[in-house]
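Below is one structure, written out as structure tokens, with a few remarks after it.
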Amino acid sequence: MKSETCSACGSSKLIHDMRIVDFGHGNAKNDLSVEIKTTDRVLFNKFEKGALKAQICGSCGKVDLSVNNPHDLWTAYLKTKKL
Ligand SMILES: [Zn+2]
């Protein structure tokens, strides 16, 4: 969901599509993500993942998060409710 002005202060100084990086072992970069478990096994479960993207206001610092694949996540979420 992209807006052209900050939802908090109304500024148009918005920084779009920033990756949110988590530094893992050996400083390996990983995108911070959400995940939904779509199978209910003891081992080797499948997950639907969505990398978080941030939109940052360059005036007040408000950060809005979004994912690129909301429909995939929604479908996965509906599946989990049937398990
Ligand atoms: Zn702002």
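Coordinate-derived values only; no laboratory data. Keep in mind the model is a prediction, meaning the values are calculated, not measured. Methodologically, a virtual Cβ is constructed for each residue, glycine included, from the backbone with ideal geometry; neighbour enumeration extends over all protein chains shown.
Structural remarks
- Principal axis box of the stretch 14-82, alpha-carbon based, largest edge first, Å: 46, 32, 14
- A simple spin-label model places pseudo-atoms 7 Å from Cα toward Cβ; at residue 9 and residue 62 they are separated by 1.0 nm.
- Cross-link pairs 46/81; 29/49; 53/82 - those with Cα-Cα distance over 22 Å: 53/82
- For the chain, a simple Cβ point-charge model (Lys and Arg +1, Asp and Glu -1, everything else neutral) yields a dipole of about 220 debye relative to the Cα centre.
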